[in-house]
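Peer 1: The structure that follows is given in the form of structure tokens.
Each value in this text was obtained by applying a stated rule to the coordinates, not by laboratory testing. Keep in mind that what you see is a predicted model, and the values were worked out from it rather than measured. Here the Cβ positions follow ideal geometry from the backbone for every residue, glycine too, while neighbour counts run over all protein chains shown.
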Amino acid sequence: MGFRGVFTIPVTPFDEQGAIDFPSLESCVQFCVDAGAHGLVMPVNASEFFTLSDAERLRVIETGVKVNAGAIPFVAGISGVSPQHALELSLRAQDAGADEQIALPPT
């Protein structure tokens, strides 16, 4: 696609019980768009993706896509514990509306 510029990685905010604080996540994403980021990448390292279940990761992606509303490119983090796991996450991210995807190799 030829993306250029600064792609930001919003944090995943948590509440005091350790659940994802989705209203705060929406605010973080909107701030990145409003601040002039050229793209969004989530959930990845700085988004604490490794602490999230697959369902939570998908909901983070869906939230990012929804709030972004196509304003800037959205790259979904799909790192998995195996190639098959990453493929499943990839298909779900695609269905959620991600423009592109990024993955680290399985550990």
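Peer 1: Sticking to Cα atoms, compute the Rg of the chain to one decimal and its Dmax as the biggest Cα-Cα distance, whole number, in Å.
Peer 2: Values for the chain (Cα only, Rg and Dmax): 12.9, 41 Å.
Peer 1: How much net charge surrounds Phe3 when only other residues with a Cβ under 9 Å from its Cβ are counted (Lys, Arg +1; Asp, Glu -1)?
Peer 2: Values: positive: Arg4; negative: Asp99, Glu100.
Here the count lands on -1.
Peer 1: For a test of the definition: using alpha carbon positions, the gyration tensor, and the 1.5 limit on a/c, classify the stretch 15-57 as rounded, prolate or oblate. Provide the component values of the computation, followed by the final result.
Peer 2: Values: a/c = 2.74, a/b = 1.51, b/c = 1.81.
Because a/c hits 1.5 or more and a/b fails to exceed b/c, the stretch 15-57 counts as oblate.
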